[in-house]
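Following: one structure in structure tokens, then a few remarks.
The values are calculated or read from the model by the stated rules, or taken from the named source; none is laboratory data. From a predicted model like this one, the values you see are computed outputs, not experimental measurements. Using ideal geometry, Cβ is built from the backbone for each residue, glycine included, and neighbour counts are taken over all protein chains shown.
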């Protein structure tokens with residue numbers, strides 16, 4: 001749910017901070033004050049198109065911040081986790097800054113983001129019903145999910161989707177293998193030729209590195225012998241001055257005076273350790289001398305082998321150290337190619353097993369959907385007919401899909417159809433022109449599916465357009481009923497709807513020093529009575545109007 005909203009320098013709002021609660025919040029105000037500005041701000045924060053004119057006159061930027069409680073939104077938490085954007089596990093902060101020059105910047109939990117991920121996340125946080133681009137109920141995927149959620153068979157739907165996905169992967173691999181069948185013979189011959197060339201050389205793992213080192217040693221043998229011999233001489237063989245003798249002399253000198261100061265013993269031990277290392281180094285140097293040889297023939301042989309490996313690597317456009325792994329890779333490719341018929345047969349058998357299981361699960365899903373669709377359509381139809389749509393009918397249409405490709409979401413496309421007048425045919429919900437009708441139908445759908453809702457924040461705009469009296473009262477009661485399970489925001493100009501709100505927000509516009517200021521205030525009980533009276537009687541609020549307002553509020557159990 002949306003818990004906080006902060007707006008600064010947006011159009012006519014200078015600074016606004018609201019703490020929001022669960023339940024139904026009605027938003028009212030006099031005509032022309034811009035009652036939808038709060039909803040506009042929410043939409044902007046969630047990625048709606050913006051322009052420079054939305055920044056308050058005289059300011060360089062506008063800021064909108066939203067805070068959502070994600071306690072009951074596992075899908076949103078998982079989405080944030082997948083993008084490494086989770087902060088507090090139960091809270092999400094969204095901020096958008098609009099600049100005077102037309103730029104904008106968006107943040108999720110203080111991390112910069114682009115608008116596309118922001119719009120993806122917004123569909124998991126809040127549903128806004130009013131303008132067509134925000135009516136997620138018009139999307140077939142959402143309609144299918146609503147039916148599956150209402151019926152309580154999401155696990156079955158997921159199983160069908162998983163089977164379809166697994167089959168698609170196997171089908172793609174099989175198709176690729178079959179597509180290569182025609183060219184298999186020529187590819188196989190080419191691979192065999194290249195592999196024979198590589199195998200003839202009997203390349204071993206890490207051979208190139210060893211050859212490279214051997215070549216350096218052979219090419220520099222004279223220099224190596226000269227300097228290693230000099231090192232051995234300085235270390236041990238020089239009769240008068242060598243490192244080992246000098247260290248031994250130092251140790252003996254210190255041992256004579258070690259009784260004078262205990263810390264001298266520590267120095268002696270350090271020198272003895274160094275002496276051991278010097279002796280070990282001497283042994284290694286001597287062994288190295290024995291291994292170094294001046295052999296022009298061996299040098300020539302090594303150079304020839306390196307040249308052969310370089311030329312072969314150049315031919316295959318790889319580095320020489322990669323030749324061994326390249327040979328293994330080609331051998332594997334040839335083996336796979338020669339065994340492709342067996343692999344196709346194996347994959348085909350797997351696909352057939354999946355197809356049978358898919359058919360069982362998908363048919364079961366279709367059966368459950370058909371049963372649940374009748375019940376859901378009946379509930380929605382009954383609610384529609386109380387909302388100034390007396391001839392309204394709701395129907396869930398199943399459009400069969402091609403079975404051969406194992407559709408990911410089952411054997412049918414789910415499309416919500418409605419009829420608003422008796423002389424009109426049933427049409428897809430997406431083709432309904434009236435914004436007010438769509439909002440009322442959306443309300444009916446949400447009432448029917450409230451217990452299964454996964455997005456606990458709803459916004460309704462234009463829901464009471466063209467209605468009054470008993471129909472308006474019914475809309476208000478339904479919104480209040482919806483607010484017992486969800487967080488609902490409703491912009492209204494009808495008092496019968498407004499009295500049903502658990503919370504009441506009033507939008508006001510004032511002009512000071514030729515500057516316009518819009519404020520939004522959460523009303524107290526007394527202020528709510530005054531606002532309902534204004535909606536009933538206009539500018540002149542009489543005692544009788546106040547009494548009528550109070551009576552309506554009491555009747556609504558507010």
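Rundown of residues vs (1) in contact with a helix residue (DSSP H, G or I) (Cβ under 8 Å, 6 or more places away or on another chain); (2) within 30 Å of residue 372 (Cβ to Cβ); (3) not in a helix (DSSP H, G or I), yes/no style:
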site	(1), (2), (3)
141	no, yes, no
160	yes, yes, no
187	yes, no, no
205	yes, no, yes
216	no, no, no
224	yes, no, no
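Mind listing whichever residues of the stretch 91-122 are assigned to a loop (DSSP other than H, G, I, E, B) and farther than 20 Å from residue 20 by Cβ? Give the steps one after another, and end with the answer.
The initial filter retains those residues of the stretch 91-122 that are assigned to a loop (DSSP other than H, G, I, E, B), namely 100-103, 109-110, 114.
Across the stretch 91-122, the qualifying residues are 100, 101, 102, 103, 110, 114.
Filtering the stretch 307-332 down to residues that are outside any helix (DSSP H, G or I) and over 38 Å from the mean Cα position of the chain (by Cα), which residue is farthest from residue 188 (Cα to Cα)? Steps first, answer last, please.
First, the residues of the stretch 307-332 that are outside any helix (DSSP H, G or I): 316-319.
Cutting the leftovers down to over 38 Å from the mean Cα position of the chain (by Cα) gives us 316-317, 319.
Details: 316: 17, 317: 20, 319: 24 Å.
Selected residue: 319.
Just for the stretch 58-90: of the residues that are under 20 Å from residue 17 (Cα atoms) and in contact (Cβ under 8 Å) with a residue 60 or more places away in the chain, which one is farthest from the chain's Cα centre (by Cα)?
Top of the filtered list is 65.
Please specify each residue of the stretch 485-535 satisfying the condition of being more than 40 Å from the chain's Cα centre (by Cα), in contact (Cβ under 8 Å) with a residue 40 or more places away in the chain and assigned to a helix (DSSP H, G or I).
495, 496, 531, 534, 535
Return the residue satisfying two criteria in turn: it lies in the stretch 360-380 and is free of Cβ contacts under 8 Å to residues at least 60 places away in the same chain and touching a strand residue (DSSP E or B) at 6+ places or on another chain (Cβ under 9 Å), and of such residues it is surrounded by the most Cβ atoms within 10 Å (Cβ to Cβ).
Across the stretch 360-380, the extreme among qualifying residues is 377.
Residues checked against (1) in the same structural domain as residue 488 (by TED's automatic domain parsing); (2) exposed (fewer than 13 other Cβ atoms within 10 Å of the Cβ); (3) farther than 28 Å from residue 458 by Cα:
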site	(1), (2), (3)
349	no, yes, yes
358	no, no, yes
400	no, yes, yes
403	no, yes, yes
406	no, no, yes
441	no, no, no
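Checking residue 63 against (1) surrounded by fewer than 19 Cβ atoms within 10 Å (Cβ to Cβ); (2) modelled with pLDDT under 90, which test does it fail?
(2)
Listed here are the residues, each with its yes/no results for (1) under 14 Å from residue 312 (Cα atoms); (2) in contact (Cβ under 8 Å) with a residue 24 or more places away in the chain; (3) out of contact with any strand residue (DSSP E or B) (no Cβ under 6 Å at 6 or more places or on another chain).
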site	(1), (2), (3)
190	no, no, yes
196	yes, no, yes
199	yes, yes, yes
204	no, yes, yes
211	no, yes, yes
218	no, yes, yes
222	no, yes, yes
230	no, no, yes
